[in-house]
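The values are calculated or read from the model by the stated rules, or taken from the named source; none is laboratory data. Quick caveat, the model's predicted, so the values are computed rather than measured. FYI the Cβ positions are ideal-geometry reconstructions off the backbone, even for glycines, and counts take in every protein chain you see.
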Amino acid sequence: MKMALKSTLIGCIILSLCGCWDGKNIQYFNFVNMIGIDYIDGKYKIYAQINNLASMAKQEGTGNTPNPIVVGVGKGESIGMAMFDLLKENQMRMDWTQTKVFIFSDRLLAKGIFNLHDDLMRTRDQRYTPWVFATNEDLRKILSTKPITGNSSINTVYYQPNLLYKQMQSSFEPVNYQRFIRASREPFETMLVDHIKLSESWDKEGKPFILPAVNGLVALKKGKSEARFNRKEASGVKWLKERTLRGILPMKDDQGIFVGTAVLKNNRIKKTTAYKNGKRFVKLDINMDASIREQKKPLGLNEMNMLIKKNVMDEITKTYEIGKKRAVDIYSLNEVWYRKGLTVNEDIPELELDVKVNLLAANMFELRD
């Protein structure tokens, strides 16, 4: 009798555990893939790009069915209230677990991101993995851009900026949200975020085609934006990153005449602090390998080596000086002092450069001759 009772009890327990009791059908969800956030007239505006998950997956045997991009908008006194406002008109349950991109407006970054972070990450659905961009464009248009080819919205720079960076190392290194928040909390680190603009340089079917492009960097300190730099102004940043594996350097002679391009890679950087004549310095010893890609003017090996070194130093110095004029420590030189446990103030340290270039390849015999 006891065995029969135990068997019945165990059977009831097993039956209650069987089946996908918490299973959800994805067709009843709206999945948010990109989030744009703005701050206007004392209120937050949140933009959500919604895509069909099937359109984001690799499929075979499917036709060229267009994938419409849907952008929803919510407004409120806080991010939480703006998200709640967005849900009011959503026809199905909204899922935030597939968010791959955060795009923040310049206005929002000028206000600061820490209050935003607290509200944005209050739900367990959000992750720290999305890519982060800044923009001064209309966020509705930013989130509505379509890829050059194909129908999947993931074929844009927003979703896979690391792939473009691997090919175009002279571009800026993309930043994910985890690194964005961590660096923003450091007292003397300047966080650099890719700035996006909309370009109509391309045509599709004979009509202008709008595409997103990185047009520069935004510098943030302690969670607030300090200044924006275009691509030319920020060109020196890539030479101070050891993760730059293949940077393109346009070379000009003393008269400013273009003489060719060099490919620089394997950056090795040593940073040391010094105190001279009552001023704080950071000395950068930079070692890099180079090869000639284009040569418009006949030069010897030593001349070419010196020309590469001069142009690298010019780019680094010009970016440093532009940042200093805008009161931005664009190379985070104060952080070098801070990490060594030395006294740090808000003044930007002076910069001292020592660049060594090892010319490896491209027409070596002609250069030696």
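Miscellaneous remarks
- Assessment of segment 225-232 against the conditions (modelled with pLDDT of 90 or more and among the hydrophobic types (A, V, I, L, M, F, W, C)) yields at least one matching residue.
- S201 meets the conditions (1) touching a strand residue (DSSP E or B) at 6+ places or on another chain (Cβ under 6 Å); (2) within 23 Å of Y159 (Cβ to Cβ) in every case but one. The failed one is (1).
For (1) within 18 Å of M92 (Cβ to Cβ); (2) modelled with pLDDT of 90 or more; (3) in a loop (DSSP other than H, G, I, E, B); (4) in contact with a strand residue (DSSP E or B) (Cβ under 6 Å, 6 or more places away or on another chain), each residue gets a yes or a no:
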{"position": "S7", "(1), (2), (3), (4)": "no, no, no, no"}
{"position": "G23", "(1), (2), (3), (4)": "yes, no, yes, no"}
{"position": "G36", "(1), (2), (3), (4)": "no, yes, no, yes"}
{"position": "K75", "(1), (2), (3), (4)": "no, yes, no, yes"}
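- Qualifying residue in segment 167-182 (condition: out of contact with any helix residue (DSSP H, G or I) (no Cβ under 7 Å at 6 or more places or on another chain), in the same structural domain as K221 (by TED's automatic domain parsing) and among the acidic types (D, E)): no
- Residue selected from segment 169-224 under the condition hydroxyl-bearing (S, T, Y) and under 18 Å from K238 (Cβ atoms), by the criterion modelled with the lowest pLDDT: S170
- Matching option when the condition is more than 30 Å from D329 (Cβ to Cβ) and of a type outside the set (G, A, S), among I142, I154: I154
- Where a residue in segment 298-326 is on the phi > 0 side of the Ramachandran plot and not assigned by TED's automatic domain parsing to the domain that holds M251 and its partner, wherever it lies, is surrounded by 17 or more Cβ atoms within 10 Å (Cβ to Cβ) and assigned to a helix (DSSP H, G or I), with Cβ under 7 Å and at least six apart: none
- Under the condition of being part of a loop (DSSP other than H, G, I, E, B) and surrounded by fewer than 16 Cβ atoms within 10 Å (Cβ to Cβ), the residues counted in segment 189-223 number 2.
- Among (1) without any contact (Cβ under 8 Å) to a residue 24 or more places away in the chain; (2) aliphatic (A, V, I, L, M); (3) exposed (fewer than 15 other Cβ atoms within 10 Å of the Cβ) - the single one M121 does not satisfy: (3)
- R268 under 26 Å from I330 (Cβ atoms), of a type outside the set (D, E) and in contact with a strand residue (DSSP E or B) (Cβ under 6 Å, 6 or more places away or on another chain): yes
This table checks each residue for (1) more than 25 Å from I308 (Cβ to Cβ); (2) touching a Leu at 6+ places or on another chain (Cβ under 7 Å).
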site: K197; (1), (2): yes, no
site: K204; (1), (2): yes, no
site: K207; (1), (2): yes, no
site: S225; (1), (2): yes, yes
site: K241; (1), (2): no, no
site: G256; (1), (2): no, no
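- Among the residues of segment 98-119, those identified as under 19 Å from the mean Cα position of the chain (by Cα) and either in a helix (DSSP H, G or I) or aliphatic (A, V, I, L, M) (or both) are V101, I103, D106, R107, L108, L109, A110, I113, F114, L116, H117.
- Selected residue (criterion: nearest to S235 (Cα to Cα)) from residues of segment 295-314 that are surrounded by fewer than 16 Cβ atoms within 10 Å (Cβ to Cβ) and in contact with a Gly (Cβ under 9 Å, 6 or more places away or on another chain): D314
- A single entry from D285, D347 fulfils the requirement of being more than 16 Å from V237 (Cα to Cα) and touching a residue at least 60 places away in the same chain (Cβ under 8 Å): D347.
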